[in-house]
Each structure stands twice: as structure tokens, then as C-alpha cells.
Amino acid sequence: MAHFIAEVFHILFVLQLIGSYSVASQYVISDASGLGRRYDGIGGLSGGGATSRLLVNYPEPYLDQILDYLFKPNFGASLPILKVEIGGDSQSTDGTESSHMHSANDENYQRGYEWWLMKEAKKRNPSIKLYGLPWAFPGWIGNGQQSPYVNIDVTVDYIIKWIQGAKTHHNLTIDYIGIWNERKHNASYIKLLRATLDRKSLHHVQVVAADGKFRISYDILKDPALAKAVQVIGVHYPGTQVTNYTLETGKTIWASEDYSTNNNEVGAGCWARILNQNYVNGMMTSTISWNLIASYYDALPYTRDGLMTANEPWNSHYEVTDTIWITAHTTQFTDPGWMYLKHKSGVQHLDKGGSFVSMTDGVNLTIIIETMTHDHSKCIRPYLPPYNVAPQTAKFTLQGSFAKVSSLNVWYSKLTFSGQTSTMFAKKNPIKVVNGSFTLSLNPDEVYTLTTTERGYKGNYPTPPPSAPFPVPYSDNFDNYPEFSEASNFADQAGVWEIRESGDPTHKLVMEQVVLESPVYWCPAAESPISVIGNYSWQNANVSMDVKLGDNTGAFLAQRINHGGCKVVAATGLFFIVYSNGTFAVYSDIHRQFLLNSGQVDVKSGMWFKMQLLIQDNKATGFVQGKTLFTASLDPKTIPSHGFVAMGMPNYASAQFDNFDIISAS
């Protein structure tokens, strides 16, 4: 009897499954009644917290391979937009990025790695659009206040110089410029920025505002001058929805920062869903991923929230994740300037869950279909309300100028979540269009691209070297870098270290801390410049470096640093500090509230000396010039059990560092 009941239930299940496919939902794809909005492209965001920090350290040929997966047309993600942080000398999520103007009298356009990255992107795709946005600003912009709007003329000039410097020094044309990431906008500043761009013959640069919430839409409706100044409304993490008053502006709308989700299968599902539904639900014509590439230490905030991962330059390991191929489903079969079809004529939700969009360049047709289920496509933010996706049959009828299409090329992905290997970006047999129609059986968690184009290629390079931990012993004398660059593998968390000439024949090139006043920060900035390196799991290490201090400052070596990113302000560990006044101190926190040891040391400003910090289990020893200054037992209640190695300073001041060594670590 039990066997009979089981058979009945099985038959009922099969009939239900068959029934779910049996009646095809009908969809029309047509341009007969006109077209929708202009498609502007998919982008990736480098920066917004030093997220590409480790990328520049990769050796060839692996560096070229990574960049090809991101930017090379018809190869991988084939990104048509690159957004970069305009460095502001302050922490902005996973690290700091150097400003082109550390002071009002300072200009340098060789600092940092965003110039290099933009040039590499342009090398692969000369048509790629470039977009700059500040998170933080150097302190002189705020003139002692935490605002870039103290003197808007000064801030506009600062941004204009960055745009002009890109062209003059790197032959880079900036296409879009933002205001201040996720902070309250200033209408007077935006209007002055637009007017100055025009006056400086930078008419082509479009203003994106305000890279945050929707408030600016309401202000645009009330202020015609502001409306004229803003070309694109950029919103962050909209959850595929926009407000009615945003649509009422008639402006181009972008999800100018979105995704921010681990690049595993669920992250790929999130990306597939929002790339379609940002337009289906919100009429957003571009979606830009934070971030472009997870090229920062895993222990820093938002681990692996990039379109791919490359955070082991010491052994050249990188990972081409599913998000690359989800991106390719759109970017390899369209170009910015194509037009979306109208809603209900090629853009809409599927009856049993999922969505599709259709685009045309006036000749070709591309349709992207996604059926991402709720639990397999949750982004990190915002909250995703429950919904269902079921197996379904969809019949598509091509009308208007597409009525004579006889076949469509097919590219297919299937995300799996049970340990099985997903099928990603596979080319299938073309679909025949009969009497203007074709039918598809759609299952949950699939992506289809159907296209009349003959494009599409799943780029491939040999498997990179396997993952490996940070190498020890490790040393760097900083003599093999271009001046104004950053030393490999150091991740500045407050302050900025640049390679500079030392002025001393015994120390050729050095790392110099160059931020001399508190910045206009994006997230609260630590008042102690600090740069981390190595393996977050290290418990024991033997670390040394040479230091030359300016007046009224100090330098520290630290171990077991437990926080980076915006949480670096709360970092604890063991901080061994030597001051230019001939004293030393040992603390358990970056704010120097919990003193563990102190004393005198024979150093002074302007002299080079060697510091060393050794931790073995629960014992720490500090040395200067080979002389033991302290030995301390570590209380596990106050000192973390593991963390980064770091170097830094107790205040914003000038100091030089050389001959860094990690002699041993475990």
C-alpha cells in the first residue's frame, strides 16, 4: 500500500511539473511602437576603497590575462565603463588612495594606480567610458572642516585639475564626473562644476549626481538650473527600483554603484537578476559593480565583492568567477548606444518568475533572459522581498523589423548551488524562428542570451598558479619602483606611503608617509597613519625596518592588527612606537589609550635607526639598533590572537621607511 501511495504522489508530481510547462506564456518582442531608453553599458568600479591595490603588483603574463578578462572586447566581461576613485588621501572602505594634490601647492599625476588601470582598459577597448568620483578629499580642501564645500571654487578647481591632468599626462578623456560618494550633495557646487566644465571646454564631461540616494531627483524637479547641470542621476543599491519623482525628471538614471556581493554562485545570481531588473523595474540604463576586482586582502571588509578575484600577486593566483560570464551575457552582444525595446514589447517580467530585456542597434536584436530564484540571487543590500520562480514555457513572437528573423544564436548559463559545477556561458545550437515565433522551456537559475549577432567568445587562458599564503621570509628595500608609486603588498589604511628619493646616499628610494594633515574623510579616519601587510592569520612574526623621523612624530611596528578598512579606527594589536624625542611606548590599541610599556631610547629626528618587533606566542620583544628595549607578556584579553603585520605613525607627519623585513612568521 505504501508503495502504491508513493507511486501516486510521484505521478502527481510529474503531472504538476509537466503542467507547469504545458501552457506557454506569450510574449511579444517588437519595435513597431517605438523604442525605450538608450542602453549605456555595464561597468566596474576600481577604488572606492583601494580595491585594486594588489592588482598592479601582478607579474606578466598573469597581469595581462586578468585585464583581458575584465576589459578585452568579446573575450570576458568586456566592460564598456570603468569607474575610478579620485584619491583623497583617506580611508574609503578597504584602504586609502593617494590624491593628485596633497596640498594646495602640490600637483602630481603619477601617483596611485588608477591612471595605469584606465590606460590598460583603454588599450584593450579604446571606446571604454571613464568615470571619476571622489570619496574623500585632502585636508586642505576642507580648511579644517569635514566638508568639501567650505569653498566650492577651490573644490571645483581641484576636480577640474584631475580631469585635465588625466588628458595632459595620460591622454585619458574623462567622460563622466561625480560629486561626493554617498554624501549630501550641494546644489551650488554642482552648478558651478557644470559651468566650469563648460568654460574650460570640457562640454563632453557629463555630471553624474549624486551617487547615493534619490534626494537629488526631488531637488532637480524644483531647480531648473540644477536640472540643467546634471546629465545623469546616479543612485546606489536601488534594489532595482526608483522613485516616481526620479522618473519624472526625465533624466538618464544609473545604478552607479550596485552588487557589492561575494562573487560566489549567489553573487552571480544577484548580478544576473539586477542587470536585467534594474531596467525592467527601474529604467536604469547602466549598472556599475562595486567593485571591479577583489584585489585586496581577504581579511579586509567585503571579502571578494568583485567581478573576479586577484589578491595573491606574490604567486600570481587569480580566479575567474561566474560573475565575469554573467556580465558577458549582456556586454558581448550589445554596445552602449543600443536601445532597449519598450516595456511589454521586449522588456518585462516572466509570468512564473524572472525577467527579460531586449535591445537593438537598429539592425541586430539581443534578448537576455534570467530566471534567478530568491535565495540564489540575494545581493548584500537592500532587502529582497520573497518571490517564486517556477519552470515555465515561454513563447516569443517577433514583430516589427524583427519579424523576418529566421534564427537566433544562443548562449546559456545555469547556476548550481549543491556543490555541482555550474554551466557558464556555453554556446548552444541556434534557435529556429518559425512564422515569427519560437518557444523556450525555462528552468530556475538560468540565463539565456538570444541574439542575431555573430559575436560571443568565452575567453580562456591556462589555469593560473594555485593559491598560496603570503611568502616568508619577505623583504623590500623599495629601490625598484617608480617614484610616487606604492610598494608592493602594503595596504595603506590611514595616511599614504609613496616611493620617494631619500636624499641620503645610503638609502636610495624609501617609503615616505606624505599626508600631513587630517583629511576630509568618507568614513572616520584614524589619526595614526597605518599600512598593513601579510597574512591575517599570523600569530607570531619577527619584523624589522629602518626609520628616519621628522620632528614631533614617531614610527611604529605592529603585529596582530585585527581591523582594517573603515574599522581601522578601532584596531587593536601590539603597537611598538619610537618617538623622535628619544622615548618609546608600547600600546594595545591604535588610539594609544592602553599603555603596556615605555622608556627612553637613543634616537632623534633626522637619524636613521633600525626597529624590530618579535612576537612568539604570548611574549613580545622590541629592539632598536639591536638593543632590547622591552619584553612583555601578552594578555589574550587585550591583545588579539592573530592579525596583520603593520607599520605606521602616531600622527600625520613626515617620516621615511626603508629595508622592511619579515624574517619569520607563523
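The values are calculated or read from the model by the stated rules, or taken from the named source; none is laboratory data. Predicted model, so just to flag it, every value in this text is computed and none were measured. A quick note on method: Cβ atoms are made from the backbone with ideal geometry, for glycine too, and the neighbour counts reach across all protein chains shown.
Numerical summary
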{"read-out": "Residue list for region 516-568, restricted to those being among the hydroxyl-bearing types (Ser, Thr, Tyr) and assigned to a strand (DSSP E or B)", "value": "531, 544"}
{"read-out": "Scan of region 327-345 for residues that are hydroxyl-bearing (Ser, Thr, Tyr) and over 21 Å from residue 125 (Cα atoms), ordered by number", "value": "340, 345"}
{"read-out": "Lone unmet requirement of (1) buried (at least 24 other Cβ atoms within 10 Å of the Cβ); (2) in contact (Cβ under 8 Å) with a residue 40 or more places away in the chain; (3) within 30 Å of residue 397 (Cβ to Cβ) for residue 355", "value": "(1)"}
{"read-out": "Within region 130-141, tally of residues that are touching a residue at least 60 places away in the same chain (Cβ under 8 Å) and closer than 9 Å to residue 83 by Cβ", "value": "2"}
{"read-out": "Any chance residue 503 is closer than 18 Å to residue 607 by Cα, modelled with pLDDT under 95 and surrounded by fewer than 20 Cβ atoms within 10 Å (Cβ to Cβ)", "value": "yes"}
{"read-out": "Residue among 209, 195, 255 that alone is in a helix (DSSP H, G or I) and among the small types (Gly, Ala, Ser)", "value": "195"}
{"read-out": "Breaking point among (1) within 21 Å of residue 236 (Cα to Cα); (2) assigned by TED's automatic domain parsing to the domain that holds residue 96, for residue 323", "value": "(2)"}
{"read-out": "Number of the exception - residue 518 against (1) surrounded by fewer than 19 Cβ atoms within 10 Å (Cβ to Cβ); (2) at pLDDT 95 or above", "value": "(1)"}
{"read-out": "Elements of type strands (runs of 3 or more DSSP E) in region 305-414, at least 1 residues being at pLDDT 95 or above and within 30 Å of the chain's Cα centre (by Cα)", "value": "309-312, 317-319, 339-341, 355-360, 365-370, 407-414"}
{"read-out": "Hits in region 569-582 - residues which are part of a strand (DSSP E or B) and either among the hydroxyl-bearing types (Ser, Thr, Tyr) or under 29 Å from residue 504 (Cβ atoms) (or both)", "value": "572, 575, 576, 577, 578, 579"}
{"read-out": "Qualifying residue in region 163-172 (condition: crowded, with 17+ Cβ neighbours inside 10 Å, in a loop (DSSP other than H, G, I, E, B) and touching a residue at least 12 places away in the same chain (Cβ under 8 Å))", "value": "yes"}
{"read-out": "Residue in region 397-436 that is surrounded by the most Cβ atoms within 10 Å (Cβ to Cβ), counting only those that are closer than 30 Å to residue 265 by Cα, hydrophobic (A, V, I, L, M, F, W, C) and touching a Leu at 6+ places or on another chain (Cβ under 7 Å)", "value": "408"}
{"read-out": "Condition check for residue 445: on the phi < 0 side of the Ramachandran plot and either hydrophobic (A, V, I, L, M, F, W, C) or not assigned by TED's automatic domain parsing to the domain that holds residue 74 (or both)", "value": "no"}
{"read-out": "Residues of region 182-206 satisfying the condition of being surrounded by 15 or more Cβ atoms within 10 Å (Cβ to Cβ) and closer than 27 Å to residue 123 by Cβ", "value": "197, 202, 205, 206"}
{"read-out": "Residue tally, condition outside any loop (DSSP other than H, G, I, E, B) and surrounded by 24 or more Cβ atoms within 10 Å (Cβ to Cβ), over region 266-285", "value": "12"}
{"read-out": "Within region 615-634, considering residues that are part of a loop (DSSP other than H, G, I, E, B) and touching a residue at least 40 places away in the same chain (Cβ under 8 Å), the one surrounded by the fewest Cβ atoms within 10 Å (Cβ to Cβ)", "value": "617"}
{"read-out": "Options 557, 549; residue that is more than 20 Å from the chain's Cα centre (by Cα), closer than 30 Å to residue 59 by Cα and not charged (D, E, K, R)", "value": "557"}
{"read-out": "Residues within region 437-475 that are within 18 Å of residue 370 (Cβ to Cβ), surrounded by 13 or more Cβ atoms within 10 Å (Cβ to Cβ) and small (Gly, Ala, Ser), tallied", "value": "1"}
{"read-out": "Subset of region 232-257 (residues that are surrounded by fewer than 16 Cβ atoms within 10 Å (Cβ to Cβ) and within 24 Å of the chain's Cα centre (by Cα))", "value": "241"}
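One line per residue, one yes/no per condition, for (1) modelled with pLDDT under 95; (2) in the same structural domain as residue 53 (by TED's automatic domain parsing); (3) touching a Cys at 6+ places or on another chain (Cβ under 8 Å); (4) at negative phi:
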{"position": "566", "(1), (2), (3), (4)": "no, no, yes, yes"}
{"position": "577", "(1), (2), (3), (4)": "no, no, no, yes"}
{"position": "626", "(1), (2), (3), (4)": "no, no, no, no"}
{"position": "639", "(1), (2), (3), (4)": "no, no, no, yes"}
